Amino acid sequence: MTGYMRVAQAVISREFLRFIHQRERFLAALVRPLVWLLVFAAGFRAALGLSIMPPYETYITYETYVVPGLCAMVLLFNGMQSSLSLVYDRETGSMRILLTSPFPRWWLLMTRLFGATIISVIQVYAFLAIAAMFGIDMPPLGYVAVLPGLVLGGMMLGSLGLVLSSVIRQLENFAGVMNFVIFPMFFLSSALYPLWKMAESSPLLKEICALNPFTHAVELIRFLLYLKMDWLALAVVVGSTVVLSALAVWAYDPSRGLMFRKV
Amino acid sequence: MEFGLTVRDLSFRYGRKLALDSVSFDVPRGSFTALLGPNGAGKSTLVALLTRLLVSREGSIVVAGHDLARAPRRSLAALGVVFQQPTLDLDLTVRQNLFYFAALHGLSRRDASVRIDRSLDRLGMRERAGEKVRALNGGHRRRMELARALLHEPSVLMLDEPTVGLDAAARRAITGHVHDLADQGVSVLWTTHLTDEVEDSDQLLVLHKGRIVASGQTGEVRGGQDLQDWFLARTEEAA
């Protein structure tokens with residue numbers, strides 16, 4: 001095994017160990033989408049009539065509609081939480097240990113990102129399993145097909161978190177991330193309502209939703225769950241991941257000095 | 001290679017504020033070099049630059065013969081660091097922490113395992129390897145961080161105020177241990193603001209307001225004066 005793989009393995013297994021030690025975090029990550037699914041969606045079922053639209057071939061319940069959006073929500077929250085923990089790592093110093101490894105910084109950051117993504121994906125599957133127990137299930141093969149979409153979506157949102165972590169100075173600013181990143185991204189997307197529904201009330205908002213990369217992550221997951229492919233969504237998610245992770249590596253470049261600069 | 005660490009004309013600015021002003025010094029091979037400076041002298045900035053957490057365009061840093069800017073991988077591989085902030089994962093065990101670090105330096109599991117056992121034996125902490133770091137006291141944590149910094153057998157060891165928050169016994173133990181390491185050939189740079197950690201045979205650098213204001217062998221430099229008095233006079237005079 002080369003040194004690169006050893007580094008990757010160590011960083012990823014550290015993420016696992018931390019995950020195992022933080023059961024509350026896991027529970028919170030699970031309870032959040034379940035509340036949306038079992039309370040919010042049930043309440044909204046009557047209010048929102050859905051027509052037949054791709055990838056669905058029959059009428060579906062609102063609960064079925066929101067499942068992909070809630071999968072993406074798990075990825076979104078975890079991506080941001082992971083950025084929060086990076087800020088924490090920086091304050092406690094374990095980020096220093098990671099970054100003084102002789103291996104290239106982009107490799108260190110990308111393995112960290114990948115490790116965090118795997119943890120998120122596990123949580124998505126736990127959510128899907130519970131949803132299935134409540135009778136909200138997908139085609140069996142869809143659970144397999146969605147895996148690459150979840151990994152890609154997780155990488156995209158995780159790299160957004162990395163970029164944010166390079167500009168957030170202190171832990172307290174997480175409330176700001178909630179207000180200015182998580183909520184707008186989530187509500188201005190196709191997670192809770194299809195875009196044509198949004199267009200009925202505001203064409204402008206619909207355009208904003210269509211530009212939101214999070215919408216495309218949701219749609220990619222939605223189509224893959226039904227064994228179909230949304231090529232536009234795939235292109236946007238891959239493109240955003242590349243741009244955001246390049247930006248993160250740039251922001252963490254020591255000669256830019258964004259990282260360990262005193263305020 | 002005569003010097004473990006060579007710094008030439010190193011300057012660094014935070015925005016318009018000059019934190020380091022054309023700093024030059026050497027850490028002779030196998031020496032214990034104490035970098036003494038009051039709070040705010042620029043020690044932390046210097047440490048960040050030496051570990052490549054920050055990069056400056058002015059000046060050069062050579063670690064064990066490798067230029068940090070041109071060959072960062074080889075320079076960092078030759079450098080062991082103990083940071084001022086605690087950098088252990090409190091929820092992981094002693095052994096897990098050490099394995100994580102060894103892998104970050106590309107060591108194989110088997111190789112790391114041998115080295116970890118050896119260093120735990122040296123610290124008399126073998127039986128605590130399975131305990132979470134959270135259960136260790138401050139002195140033990142620091143010794144562990146020192147052991148960790150040595151796992152990849154660096155030829156240069158840098159410690160940034162490593163005794164902060166330790167009691168007198170732990171302080172003496174770690175200071176003594178690092179002096180032994182220097183005797184064994186490791187080039188040590190030890191930053192501190194406490195004069196009682198510096199021995200007469202150590203090399204001394206005094207950093208004040210981002211400049212090196214004195215350097216040489218401690219015994220000669222202080223010239224019969226008490227080191228504490230000499231240091232205070234020196235840093236007040238330059239102020």
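What follows draws every value from the coordinates through simple rules; no lab data is involved. The structure displayed is predicted, hence computed values, not measured ones. Here Cβ is always computed from backbone atoms with ideal geometry, including for glycine, and neighbour counts include all displayed protein chains.
Tell me which residues, restricted to region B:142-187, are in contact with a His (Cβ under 9 Å, 6 or more places away or on another chain) and among the small types (Gly, Ala, Ser).
B:Ala170
Conditions tested, residue by residue: (1) without any contact (Cβ under 8 Å) to a residue 12 or more places away in the chain; (2) within 21 Å of B:Leu79 (Cβ to Cβ).
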{"residue": "A:Ile60", "(1), (2)": "yes, no"}
{"residue": "A:Glu63", "(1), (2)": "no, no"}
{"residue": "A:Cys71", "(1), (2)": "no, no"}
{"residue": "A:Ser101", "(1), (2)": "no, yes"}
{"residue": "A:Leu113", "(1), (2)": "no, no"}
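Would it be correct to say that B:Gly219 is without any contact (Cβ under 8 Å) to a residue 24 or more places away in the chain and either buried (at least 17 other Cβ atoms within 10 Å of the Cβ) or not in a helix (DSSP H, G or I) (or both)?
Values: without any contact (Cβ under 8 Å) to a residue 24 or more places away in the chain: yes; either buried (at least 17 other Cβ atoms within 10 Å of the Cβ) or not in a helix (DSSP H, G or I) (or both): no.
Criteria not met by B:Gly219.
May I ask you to verify whether B:Arg171 is farther than 30 Å from B:Arg109 by Cα and of a type outside the set (A, V, I, L, M, F, W, C)? Spell out the reasoning first.
Numbers: farther than 30 Å from B:Arg109 by Cα: yes; of a type outside the set (A, V, I, L, M, F, W, C): yes.
Yes.
Out of B:Met144, B:Met125, B:Met158, report the one residue that is in contact (Cβ under 8 Å) with a residue 40 or more places away in the chain, surrounded by 16 or more Cβ atoms within 10 Å (Cβ to Cβ), farther than 29 Å from B:Asp9 by Cα and not aromatic (Phe, Trp, Tyr). Give the derivation first.
Values: B:Met125 fails: in contact (Cβ under 8 Å) with a residue 40 or more places away in the chain; B:Met158 fails: farther than 29 Å from B:Asp9 by Cα.
Exactly one of B:Met144, B:Met125, B:Met158 is in contact (Cβ under 8 Å) with a residue 40 or more places away in the chain, surrounded by 16 or more Cβ atoms within 10 Å (Cβ to Cβ), farther than 29 Å from B:Asp9 by Cα and not aromatic (Phe, Trp, Tyr), namely B:Met144.
Please return the ranges of strands (runs of 3 or more DSSP E) entirely within region B:3-122 where 3 or more residues are in contact (Cβ under 8 Å) with a residue 12 or more places away in the chain and more than 8 Å from chain A (Cβ to nearest Cβ). Steps first, answer last, please.
Working: elements: B:3-14, B:17-28, B:32-36, B:58-63, B:79-82.
Once the strands (runs of 3 or more DSSP E) in region B:3-122 are filtered for at least 3 residues that are in contact (Cβ under 8 Å) with a residue 12 or more places away in the chain and more than 8 Å from chain A (Cβ to nearest Cβ), what remains is B:3-14, B:17-28, B:32-36, B:58-63.
Within region A:184-263, considering only helices (runs of 4 or more DSSP H) that don't extend past its boundaries, which have at least 3 residues that are more than 14 Å from chain B (Cβ to nearest Cβ) and under 23 Å from A:Leu141 (Cβ atoms)?
Ranges flagged: A:213-225, A:231-251.
Taking only region A:1-58 into account, find how many residues are within 14 Å of chain B (Cβ to nearest Cβ) and not in a helix (DSSP H, G or I).
Qualifying residue count, region A:1-58: 3.
Look at region B:1-40 and say how many of its residues are of a type outside the set (Val, Ile, Thr), under 23 Å from B:Thr218 (Cβ atoms) and touching a helix residue (DSSP H, G or I) at 6+ places or on another chain (Cβ under 8 Å).
11
In region B:34-74, how many are crowded, with 21+ Cβ neighbours inside 10 Å and farther than 25 Å from B:His105 by Cα?
7
Applying the selection to region B:198-216, what residues are closer than 23 Å to B:Phe83 by Cβ, in contact with a strand residue (DSSP E or B) (Cβ under 7 Å, 6 or more places away or on another chain) and not in a loop (DSSP other than H, G, I, E, B)?
Scanning region B:198-216 gives B:Gln203, B:Leu204, B:Leu205, B:Val206, B:Leu207, B:Ile212.
B:Ala173 fails exactly one of the following numbered conditions: (1) away from chain A (no Cβ under 14 Å); (2) more than 25 Å from A:Arg18 (Cα to Cα); (3) crowded, with 18+ Cβ neighbours inside 10 Å; (4) not hydroxyl-bearing (Ser, Thr, Tyr). What is the number of that condition?
Here B:Ala173 meets the rest and fails (3).
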